[in-house]
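Just so it is clear, none of the values below were taken in a lab; they were calculated from the coordinates. A quick note: this is a predicted structure, and the numbers were derived from the prediction, not measured. All Cβ positions, even for glycine, are placed from backbone atoms using ideal geometry, and neighbour counts span all protein chains on display.
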Amino acid sequence: MYNPQLLKERFGIPYLRPYQELIISRIMECAENGKNARILAVMPTGSGKSLCFMYPAAALERRCIIIYPLLSLMNDQEKRFREAGIPAVILRGGLGQEERRRRIECIRQNEAAAVITNPETLLSLMKGNGIDVIAKDTELLVIDEAHTAVTWGSSFRPSYLEIGRIINRIRPRSILAFTATMDSAIEEGIEKHIFSGIAPYMVHCSADRENIFYHAVKSLSKIRDTEAILSKGCSRPAVIFCRSRLEAERTAEALSPSFSIRSYHAGMERERKEEVEKWFLHSSDGVLASTKAYGLGVDKKDIRTVVHLSVPETAPDFLQEAGRGGRDGKRMDSYVLYSDKDLSPIARIFTSGKCIRRALLRVMGENPETEGCLACSVCIPDHYRRAGEDEILSWIRFHPFIKEGNAALSLTASHPFLRRHRLPRWKEEEALEAIRILADEGRIRRIAGHLVLPMRPCGRKNNR
């Protein structure tokens, strides 16, 4: 069992959450009885997973090794350990030979209760006797963001497929793996690569985050919708998730006249990454246009909006990325901007017109008890008007039978006589694409190459 006095003195917390208590109690009991604990914990971002291994490290005063996928997470965790009075050492690539030797000697002399590292570093240590220094008297080995063993291991981080071999060499008394979201494929992969095919003790929190409001918008222009969304009061700091490095850079460039914005992706130099991370961490209204490379590194608690410029490929991916916002427990808005071109396997979650929250939880294997929810744009309409929609429809209303190309040109022109229904900063091709979407939806009619609005039935409103 845990000691409430130690909890309060070292961590400033009066009590544990139920899932924290369950995990910590199991680790402590196994340590006291000389048994092994094998735990897989599915806990959403912001649920306090760090305490689940920081408390045992402080209470047992035995070595704890934590494996992280990203340097930003390692640096953040070292800071948390030191704030709790627990000596910690980071072992990572890029250290000079003398600095690396000094840190290993610190571990050898038992001057570090926690070793924060990554799979690549541990594999390199296994080539010599450095791993034996790390492995000695290791009570607990922790794998954070354990889903990366599955999602990254087969692509650009093959070292994650070697975690089982690393564990067999270190031989810790207990293993604790964390992930914020998990489907059956990820669960099977974690069991295979981390727990050597043996089913671990499962602690499964709900993937639901009650402070996140989910919005789905069929966009006419994703850049302009993003601009409109982030122009609202209290909508920043914000993260915009993009599918590619090029899209992240172009998004940041397109929105730079309106916001303090930076791009972030895996192709950047380390110094530049660290500079952007530091800027965003301390920014009160900054916007980050990023690939998923930044998702795991975020430890910014006041992100108010997360925008996806397309539907993610999987529900775990989406929940991981949307969950980077609202870590302070306050309301956070998650927007998915989609089009008919989005071919994601989970697109129907956002396009079917049914409760987004329930659909997400069902895909994650949960069965929500209540019908509907109080925090998605299907159950509680947000009345958001798509960027450009009113301007385009008004222009055609006042200029019936205008040609499609002429309408797009007029809407984006800067002539004083055209300003009433103009689209500031829109490009002609953006306006033309928006007109095509509205025509496909039946909001605009094409007659012999010209545009008109459909006739409204007498006595009925023109509802979307």
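For a modelled paramagnetic label at Arg62, 7 Å from Cα along Cα-to-Cβ, the residues of segment 26-51 in reach, with backbone nitrogen under 14 Å, are 26-38.
Length available on full extension from Leu95 to Glu210: 0.36 nm per residue minus the Cα-Cα distance, which gives 37.2 nm. Sequentially through segment 36-45, phi angles give Karplus couplings (6.51, -1.76, 1.60; θ = phi - 60°) of 9, 10, 10, 10, 10, 10, 9, 10, x, 3 Hz, Gly and Pro residues having no value and appearing as x.
Here the chain carries DSSP beta bridges of which approximately 10% are antiparallel, counting only pairs with both residues inside.
A dipole drawn for the chain from +1 and -1 charges on Cβ atoms has a positive end, and of Pro400, Gly326, Val217 the residue lying farthest that way is Pro400.
Among the listed pairs Lys136/Lys300; Lys79/Lys232; Lys136/Lys192; Lys232/Lys341, those whose Cα-Cα separation exceeds 29 Å are Lys136/Lys300; Lys79/Lys232.
For the chain, what is the relative contact order in percent, using Cα pairs closer than 8 Å and at least 6 residues apart in sequence?
On the way: 783 pairs, mean separation 62.6, N = 464.
Taking the mean separation of contacting Cα pairs over the length of the chain, I get 13 percent.
Listed from fewest to most Cβ neighbours within 10 Å, the set Trp152, Trp279 follows the order Trp279, Trp152.
Pull out a ≥ b ≥ c, the square roots of the eigenvalues of the alpha-carbon gyration tensor of segment 282-399, then state rounded if a/c is under 1.5, prolate if not and a/b is larger than b/c, and oblate in the remaining case. Because a/c hits 1.5 or more and a/b fails to exceed b/c, segment 282-399 counts as oblate. Helix 389-398 and the longest principal axis of the C-alpha atoms of the chain enclose an angle of approximately 0°.
In square nanometres and to one decimal, what's the mean projected area of the convex hull around the Cα atoms of segment 1-151?
Numbers: hull surface 37.1 nm².
For segment 1-151, the mean projected area of the Cα convex hull comes to 9.3 nm².
Return the loop-located GluC sites (Glu not before Pro) in segment 218-285 (DSSP other than H, G, I, E, B) with at most 15 other Cβ atoms within 10 Å of their own Cβ; answer none if there are none.
On the way: sites: Glu227, Glu247, Glu249, Glu253, Glu269, Glu271, Glu274, Glu275, Glu277; in loops: Glu269.
Those satisfying the criteria are Glu269.
Against the main long axis of the alpha-carbon atoms of the chain, helix 50-60 sits at an angle near 10°.
In the chain, helices alone account for a calculated mean residue ellipticity at 222 nm of -11000 deg cm²/dmol, with every DSSP H run of four or more residues adding -39,500 (n - 2.57). When the listed pairs Lys218/Lys354; Lys222/Lys354; Lys222/Lys278; Lys273/Lys330; Lys292/Lys330 are checked against a 18 Å cut-off, the alpha-carbon distance exceeds it for Lys222/Lys354; Lys222/Lys278; Lys273/Lys330; Lys292/Lys330. Counting beta carbons within 10 Å around each of Arg82, Arg327 and listing the fewest first gives the order Arg82, Arg327.
Based on the Kirkwood radius over alpha-carbon pairs, what value in µm²/s does the Stokes-Einstein equation return for the translational diffusion coefficient of segment 389-452 at 4 °C and 1.567 mPa s? The partial results should precede the final answer.
Working: Rh = 11.4 Å.
Approximately 114 µm²/s, per Stokes-Einstein.
Among Ile27, Ile346, Ile66, sorting on how many other beta-carbon atoms sit within 10 Å of each Cβ, with the fewest leading, yields Ile346, Ile27, Ile66.
Relative to the longest principal axis of the Cα atoms of the chain, the long axis of helix 245-255 lies at roughly 50 degrees. For His204, the residues 5 or more places off, or on other chains, whose built amide H falls under 5 Å of its own are Val42.
For segment 177-278, what percent of Cα pairs sit more than 20 Å apart? Present the calculation step by step, with values, prior to reporting the outcome.
On the way: 3102 of 5151 pairs.
Distances greater than 20 Å cover 60 percent of the Cα pairs.
Compactness of the chain is given as radius of gyration and Dmax, 25.8, 86 Å, from Cα positions. Segment 190-253 and segment 373-443 have Cα centres spaced 27 Å apart.
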